[in-house]
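S.K.: Below is the structure I would like to discuss, written out as structure tokens.
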Amino acid sequence: MKIGLFYGSTTCFTEMTAEKMQAFLGEDLVDIYNIKDSGLTPIKDYDILILGISTWDYGELQEDWEALWDELDNFDLKNKTVALFGQGDQLGYTDWFVDAMGLLHDKLLPLGPQIVGYWPNQGYDFAESKALTEDKSHFVGLALDDEDQFDLSEERIATWLTQVMEEIAELS
Ligand SMILES: Cc1cc2nc3c(=O)[nH]c(=O)nc-3n(C[C@H](O)[C@H](O)[C@H](O)COP(=O)(O)O)c2cc1C
């Protein structure tokens with residue numbers, strides 16, 4: 001089994017998260033791709049994907065994801081399992097917290113993947129987010145805020161990755 005971790009990152013927070021995730025799961029298991037350099041084509045090579053995106057400019061996509069957004073429609077994700085994570089700033093952008101992760105989730109859904117890694121929204125302090133499930137009880141992936149809650153990130157990453165791996169094991 002191999003996991004492809006694809007991320008877009010403007011000021012390196014999401015990139016650092018990707019590296020922490022690779023360190024946690026092991027380099028043998030996880031290949032990481034900065035989509036600015038790799039593009040999205042290698043997505044085809046993996047059955048399991050972890051996708052990381054930050055939110056910018058009041059609820060907008062990170063720029064590298066934005067540049068490749070239309071290309072996403074070309075992928076058939078029906079036999080793939082996908083987990084999402086996002087970096088944001090819940091105090092500075094409280095009405096748009098990790099919105100881009102929600103936009104990515106909505107973009108992927110019609111492509112047919114099995115999505116894992118939904119994450120409870122307790123322990124955060126924000127007003128609105130497009131990255132919540134319909135019942136608003138969960139985020140559609142791991143929400144991280146290295147601006148305001150850096151101290152919580154490492155444990156959140158470990159707990160979430162453990163959850164994701166368990167969900168993947170249950171699927172197979
Ligand atoms: C100009 C600017 C706009 C931002 N807009 C949002 C936003 O709308 N929602 C949010 O949750 N975070 C927002 N953020 C916070 C970033 O998502 C956060 O700094 C993140 O860690 C950046 O990750 P990256 O360096 O991987 O791109 C914004 C940050 C800046 C500097």
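S.K.: Residues that are within 16 Å of the ligand (Cβ to nearest atom) and either in a strand (DSSP E or B) or more than 22 Å from LYS136 (Cβ to Cβ) (or both): does segment 89-101 have at least one?
M.R.: no
S.K.: Shifting gears a bit: Evaluate the following for LYS2: is it away from the ligand (no atom under 16 Å from the Cβ), of a type outside the set (A, V, I, L, M) and more than 14 Å from the chain's Cα centre (by Cα)?
M.R.: Yes, satisfied.
S.K.: If you scan segment 137-154, which residues turn out to be part of a helix (DSSP H, G or I) and under 13 Å from MET21 (Cβ atoms)?
M.R.: Let us first name the residues in segment 137-154 that are part of a helix (DSSP H, G or I), namely 150-154.
Matches in segment 137-154: SER153, GLU154.
S.K.: Next question, about the same structure. Output the number of the condition that PHE24 fails; it satisfies all remaining conditions of (1) away from the ligand (no atom under 11 Å from the Cβ); (2) aromatic (Phe, Trp, Tyr); (3) in contact (Cβ under 8 Å) with a residue 60 or more places away in the chain; (4) surrounded by 21 or more Cβ atoms within 10 Å (Cβ to Cβ).
M.R.: PHE24 satisfies every listed condition except (4).
S.K.: Oh, and also: Within segment 68-81, track down each residue that is part of a helix (DSSP H, G or I) and either over 17 Å from the mean Cα position of the chain (by Cα) or among the aromatic types (Phe, Trp, Tyr) (or both).
M.R.: TRP69, ASP70, GLU71, ASP73, ASN74
S.K.: Among the residues of segment 75-87, are any without any contact (Cβ under 8 Å) to a residue 24 or more places away in the chain and surrounded by fewer than 23 Cβ atoms within 10 Å (Cβ to Cβ)?
M.R.: No, every residue in segment 75-87 fails to be without any contact (Cβ under 8 Å) to a residue 24 or more places away in the chain and surrounded by fewer than 23 Cβ atoms within 10 Å (Cβ to Cβ).
S.K.: Does any residue in segment 99-126 that is in contact (Cβ under 8 Å) with a residue 12 or more places away in the chain and surrounded by fewer than 17 Cβ atoms within 10 Å (Cβ to Cβ) come within less than 6 Å, Cβ to Cβ, of a residue that is outside any helix (DSSP H, G or I) and of a type in the set (Ser, Thr, Tyr) six or more places away or on a different chain, and which pairs are these?
M.R.: GLN114/THR81
S.K.: Any idea which of (1) in contact with a Lys or Arg (Cβ under 9 Å, 6 or more places away or on another chain); (2) assigned to a helix (DSSP H, G or I) is the one ALA23 doesn't satisfy?
M.R.: Result: ALA23 passes all but (1).
S.K.: If GLU134 passes every condition in (1) within 16 Å of the ligand (Cβ to nearest atom); (2) in a loop (DSSP other than H, G, I, E, B); (3) surrounded by fewer than 17 Cβ atoms within 10 Å (Cβ to Cβ) but one, which one does it miss?
M.R.: (1)
S.K.: Same structure again: Is segment 40-56 home to any residue that is assigned to a loop (DSSP other than H, G, I, E, B) and small (Gly, Ala, Ser)?
M.R.: no
Throughout, read-outs are computed from the coordinates displayed, never taken from laboratory work. These figures come from a predicted structure and were not determined experimentally. Heads up, the Cβs are rebuilt from the backbone with ideal geometry, glycines too, and the neighbour counts pull from every protein chain shown.
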